[in-house]
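A.B. asks: Supplied in structure tokens, the structure appears directly below.
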Amino acid sequence: MMEENPNVSYEIRVSAGKAGTDPEAPDWEVAELENGVVKDSADIYDNLTLAEAHQIAGMWTKKKEEAEGSAD
């Protein structure tokens, strides 16, 4: 049975095998977590700069908040 309301969050992290020392290098990824776990590898966007990763996480958070607001 699927959980109805998982706790969805977004994590910005260094991609596996990347240095993550340069915020301008495409070493970063954003992962969508459900209850702290990546449920689908398609929910990871990688090859991002740190700024791009923050932008994507912000867009996803805003979309999630808008969807929750319209569900009321």
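A.B. asks: Please count how many residues of the stretch 43-72 are in a helix (DSSP H, G or I) and modelled with pLDDT of 95 or more.
C.D. replies: Here the count works out to 10.
A.B. asks: Count, please, the residues in the stretch 27-42 that happen to be in a strand (DSSP E or B), among the aliphatic types (A, V, I, L, M) and closer than 12 Å to Y10 by Cβ.
C.D. replies: 3
A.B. asks: Only residues that are within 13 Å of S9 (Cβ to Cβ), charged (D, E, K, R) and surrounded by 11 or more Cβ atoms within 10 Å (Cβ to Cβ): list them for the stretch 43-72, please.
C.D. replies: D43, K64
A.B. asks: Okay, moving on. E24 - would you say it is surrounded by fewer than 13 Cβ atoms within 10 Å (Cβ to Cβ) and in contact with a helix residue (DSSP H, G or I) (Cβ under 9 Å, 6 or more places away or on another chain)?
C.D. replies: Against the criterion (surrounded by fewer than 13 Cβ atoms within 10 Å (Cβ to Cβ) and in contact with a helix residue (DSSP H, G or I) (Cβ under 9 Å, 6 or more places away or on another chain)), E24 qualifies.
A.B. asks: Sticking with this one: Given the criterion loosely packed, with under 10 Cβ neighbours inside 10 Å and at pLDDT 95 or above, identify the matching residue among A31, A19.
C.D. replies: Of the residues listed, the single one that is loosely packed, with under 10 Cβ neighbours inside 10 Å and at pLDDT 95 or above is A19.
A.B. asks: Taking only the stretch 16-32 into account, find how many residues are polar (S, T, N, Q) and within 12 Å of the chain's Cα centre (by Cα).
C.D. replies: Qualifying residue count for the region: 0.
A.B. asks: What pairs can you find where one residue is in the stretch 36-48 and under 18 Å from P26 (Cα atoms), the other is among the β-branched types (V, I, T) and assigned to a loop (DSSP other than H, G, I, E, B), and their Cβ atoms are less than 7 Å apart, with a gap of 6+ or different chains?
C.D. replies: Sorted first by the residue in the stretch 36-48, then by its partner, the pairs are I44/V38.
A.B. asks: Of all residues in the stretch 33-72 being within 14 Å of N5 (Cβ to Cβ) and aliphatic (A, V, I, L, M), which is farthest from the chain's Cα centre (by Cα)?
C.D. replies: Per the stated criteria, the residue is A71.
The values are calculated or read from the model by the stated rules, or taken from the named source; none is laboratory data. On a predicted model such as this, the values are computed, not experimentally measured, just so you know. Heads up, the Cβs are rebuilt from the backbone with ideal geometry, glycines too, and the neighbour counts pull from every protein chain shown.
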